[in-house]
2 protein chains.
Amino acid sequence: MSAASTPSPSSPSGVRPATTGRGRPPKLDQARTVEVALALLDEVGLDALTMRRLAEAMDVRAGALYRYFATKHELLTAMAEVLLADCLDRPFRSPDWSERVAELARRMRTALLGHRDGARVYAGTHATGAHTLGFADALIGVLREAGFTADHAGRAALTVVHFTLGHTLEEQAARQGVDAGPADPERLRAAVAPGQYPHLTAALPVLTSTDFTAHFEFGLGLLLQGLRALGPGTAPPGTGG
Amino acid sequence: MSAASTPSPSSPSGVRPATTGRGRPPKLDQARTVEVALALLDEVGLDALTMRRLAEAMDVRAGALYRYFATKHELLTAMAEVLLADCLDRPFRSPDWSERVAELARRMRTALLGHRDGARVYAGTHATGAHTLGFADALIGVLREAGFTADHAGRAALTVVHFTLGHTLEEQAARQGVDAGPADPERLRAAVAPGQYPHLTAALPVLTSTDFTAHFEFGLGLLLQGLRALGPGTAPPGTGG
DNA sequence: ACCTGAACACCGTTCAAGT
DNA sequence: ACCTGAACACCGTTCAAGT
């Protein structure tokens, strides 16, 4: 229901939100709550982001939050929406459609990486606010303007988004071992040690590399190569030949 | 730490697990706990899968589970591992490497779809058991045997897995609206209605289609096309031409 | 060795009552 | 209109004590 994304371009810093004039100004509002929630997310991580802790950070009791968000999930959805806020705030650097698709995918990854557990927050919700819809529209738009049918453009956009989400989810999980145990590379190396899994062993150097940007660019490259092969204005591809 | 994946091929049905001979046979064991947990997952979903409810289903107090799993996360990891159990239990149907990669990706999707919230369970953990490692080894193996370097094979495998995970995550979320509200297609259609987002609007029919297999095959097709273009034994690709 | 009982320190959410 | 206080119905996890 709620858009909850207007970043209040009103005044320089820490001023109270404007009131209609009557009564005390409210201590809470949707936009500020989402901002504090994102700051808290960075501090404590998604698993420790509770309504009670957020309320404490806003100097309020937990129950008060429910005047602005019906459920915690709705708050998380508003947070997910804000995550993508900066994806469309600057022009493309290239006129080439495939470079533009790549740029949008990179911006999405960067946006999700911008907050601790950002990918998990995004994956766990289904935001339908202006930033999410605007991003999807831009991505599909680049493809349609390149000559792809709405059908192909839509499916390709889904593919790019799903790959980016899956990649970033794993990237953030790996960047600081899911709990606090040994980081992912170490665990994988240890598990593979026994001598089985010859192919896995051969690929261990890449798989345990922490150059996540290189991984992302490789996958993105495959996708774009596939799109170029498909070509604007062609019949739908099967998975064969 | 725990592999927890041996599916006990011992006896026909519902028999008590064997004991060393001394004392009462334990009511619990890792393999059976994971199986009951997966059954409960299908019944109630991940959000309602609690240690207490699982204990109840096993006719035991919650504390007893902690003799077999140090944390709930460790149980979820064991569950994730079992999810992939059936991915390698049959031979490939085609000798073509790209068809084999596709088949492995399809098997992974099918495995995750096999249990309610399966993709969320898998994404939330980092299983390093025999099924997960075996699957990765098989996928990388197909690519290496096709002539790809270990480097390319490793990166390509990551790409396929991340896309499959991202896709299936969204598919399962869409298949039964994250909470219970209107299913995803309806919400998207409603959000886009206003008339903005021309490209999104043009693509609405595809985006709201529930033929998830078609979406998956399209994305997989792009990836495989990219891989074929890269070709076994070629230099690493950039994202540009 | 394996499980129970009972507790500890929390959760999300609701809602009368205050101001 | 907006927030507090207090409760309801839970959580994951620990650990002495029983058998």
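Tabulated data
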| quantity | calculated |
| --- | --- |
| Reachable lysines from A:K72, criterion Cα separation under 21 angstrom, eight or more residues apart if same chain | A:K27 |
| Extended-chain gain in nm, criterion 0.36 nm per residue less alpha-carbon gap, B:R189 and B:R53 | 45.2 nm |
| Nearest residue to the symmetry axis between A and B, taken on chain A by its Cβ, in whole Å | A:G166, 1 |
| Viscosity 0.692 mPa s, temperature 37 °C, Stokes-Einstein D of the range A:48-207 from Kirkwood C-alpha radius, µm²/s | 179 |
| Pairwise label distance in nanometres, A:T213 with A:R61, each label 7 Å out on the Cα-Cβ vector | 5.0 |
| Environment charge of B:H215, counting only residues whose C-beta is closer than 14 Å and scoring Lys/Arg +1, Asp/Glu -1 | -2 |
| Cα-derived Rg to Rh of the range B:131-212, Kirkwood definition | 1.19 |
| ³J(HN,Hα) computed for each position of the range A:90-98 - Karplus, 6.51 cos²θ - 1.76 cosθ + 1.60, integer Hz, glycine/proline x | 9, x, 5, 8, 9, x, 5, 4, 6 |
| A:A39 paired with B:E145, simple spin-label distance in nm, labels 7 Å along Cα-to-beta-carbon | 5.7 |
| Distances in nm from A:T71 to the matching label points in the other copies, shortest first (labels 7 Å along Cα to Cβ) | 2.6 |
| Inter-label distance for A:L113 and A:R93, nm, one decimal - labels placed 7 Å from Cα along Cα-to-Cβ | 1.4 |
| Label point 7 Å beyond Cα along the C-beta direction, distances from A:E145 to other copies (nm, shortest first) | 4.6 |
| Principal axis dimensions, the range B:30-70 - Cα atoms, whole angstrom, descending | 24, 18, 18 |
| Pseudo-label separations to other copies for B:K27 - Cα-to-Cβ vector, 7 Å, nm | 4.6 |
| Integer Hz, Karplus 6.51/-1.76/1.60 couplings in order for the range B:73-89, x for Gly and Pro | 4, 5, 4, 4, 5, 5, 5, 4, 4, 5, 3, 8, 4, 9, 6, 10, 8 |
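Just so you know, all these numbers are worked out from the coordinates, no wet-lab data involved. Source: prediction; values computed, not measured. All Cβ positions, even for glycine, are placed from backbone atoms using ideal geometry, and neighbour counts span all protein chains on display.
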